[in-house]
Amino acid sequence: MIDFHIAVEIARKYYAEKGQQELTKVYDAKKIWIVYAGKKDQPKFGNAGIAIDKETGEISRFILPSRTNFEILKNATLIDI
């Protein structure tokens, strides 16, 4: 099981490889953690988040707009980081 702290470490490593150092939002959804990175208080253009599977730790892109992903995000809980 991938808990919040492990998910944050996975996300930090992933985003560091992409040149983004700062995590901006983390959501707790039913089966995944949703994580966004960038600079806080700066506009984000084309910035997709990542989804981290809570069972396997597998990373996938969390892209909006998507009807399914909007529903997941609507039911997720924003976590303070």
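Each reported figure results from applying straightforward, stated rules to the coordinates on display, with no laboratory input. Being a predicted model, the structure only gives us computed values, none of them experimental. Virtual Cβ from ideal backbone geometry, glycine too; neighbours counted across all protein chains shown.
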**Asked** Around N75, with a cut-off of 14 angstrom between Cβ atoms, what is the net charge of the other residues, counting Lys and Arg +1 and Asp and Glu -1?
**Response** +2
**Message:** Over the chain, how many pairs of lysines fall under 16 Å by alpha carbon, counting only those 8 or more apart in sequence or from different chains?
**Reply:** 11
**Request:** Go ahead and set up a Gaussian network model of the chain, Cα springs under 10 Å, then flag whichever of I34, I52, I63 fluctuates most.
**Result:** I63
**Asked** If we count every other residue with Cβ under 14 angstrom of Y14's Cβ, Lys/Arg +1 and Asp/Glu -1, where does the sum land?
**Response** -1
**Request:** Determine the sum of side-chain charges near F4: Lys and Arg each +1, Asp and Glu each -1, restricted to other residues whose C-beta is under 11 angstrom from that of F4.
**Result:** -3
**Asked** When each pair of different Cα atoms in the chain is counted once in the 1/r mean, what is the Kirkwood radius in angstroms, to one decimal?
**Response** 12.7 Å
**Item:** Length-normalised contact order for region 4-79 - Cα pairs under 8 Å, 6+ apart - percent
**Value:** 28 percent
**Complete:** With only helices counted (DSSP H, runs n ≥ 4, each -39500 (n - 2.57)), the per-residue ellipticity at 222 nm for the chain, to the nearest 500, works out to -8500 deg cm²/dmol
**Fill in**
Of the residues A48, L78, S60, the Cα lying farthest along the dipole of the chain towards its positive end, which is defined by charges on the beta carbon of Lys, Arg, Asp and Glu, belongs to A48
**Request:** Starting with the fewest neighbours, write out L23, L78 ranked by other beta-carbon atoms found within 10 Å of each beta-carbon.
**Result:** L78, L23
